[in-house]
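Just so you know, all these numbers are worked out from the coordinates, no wet-lab data involved. None of these values were measured; they are calculated from a predicted model. Here the Cβ positions follow ideal geometry from the backbone for every residue, glycine too, while neighbour counts run over all protein chains shown.
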Amino acid sequence: MTEKFATNGALAERRIHHIFQISVILKGLHALIECASGVALFMVSGQTVAHWVELLTQEELIEDPRDLIATSLLDAAQHLSVGTQSFYAFYLLSHGLVKVFLVAGLLKEKLWAYPASLFVLSGFVAYQIYRYSYTQGVGLIVLTVFDLVIMWLVWHEWRVLEKHLRARKA
């Protein structure tokens, strides 16, 4: 009976580890998109951003001229100042680079990456909740839940990795 529990426990750990790897890879892809978006915002003019947003929202606004998301995006793009654009470019690029660095550490099982990731993700979650209090954006809730799941997975993997390292030393 104990062997069955041990086998089930090992199977559960493998599943959790695979979910961890997939989640971290998804976080890494999101980080790369943030980096690319940040670089793009540094390189294009505000007029170009407004033009792209017009193209992206055009069909939605034809269908529903009062669409909240499309009109909000278009309004924001049309009133994008150079300072605001630079802030978002820096914000996206810096967040993306930090996350790429942490994702690389987690995928290589570097011990420093686990507490560092928990610390950074805690900051992101706190900021996302703060921003949600102003915007009520559903996307922030989705991102926050995803980050909380990743935080649990990182914490779990960190415990498992430390347990394996202690067992090797013994």
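Span-like helix criteria (full DSSP H runs; alpha carbon extent of at least 27 Å along the helix axis; mean Kyte-Doolittle hydropathy of at least 1.0) are satisfied in the chain by 82-107. Cα centroid distance between the range 96-116 and the range 20-88, in Å? About 27 Å separates the Cα centre of the range 96-116 from the one of the range 20-88. Of the residues 53, 105, 26, the one whose Cα sits farthest towards the positive end of the charge dipole of the chain is 105 (charges of +1 on Lys and Arg Cβ, -1 on Asp and Glu Cβ, taken about the Cα centre).
The residue list 140, 82, 150 was ranked by how far each Cα lies along the charge dipole of the chain toward its positive end, using unit charges on Cβ atoms, and 150 comes out on top.
If the segment from residue 32 to residue 155 were pulled out straight at 0.36 nm per residue, it would be longer than the present Cα-Cα gap by 42.0 nm. If you plug the beta carbon distance of residue 164 and residue 87 into 1/(1 + (r/R0)^6) with R0 = 30 Å, you get a FRET efficiency near 0.10. Using R0 = 41 Å, the C-beta based FRET efficiency linking residue 50 and residue 138 works out to 0.95.
Full extension of the segment from residue 42 to residue 11, taken as 0.36 nm per residue of separation minus the current Cα-Cα distance, would add 6.5 nm.
If R0 equals 35 Å, the separation of the Cβ atoms of residue 75 and residue 101 corresponds to a calculated FRET efficiency of about 0.50.
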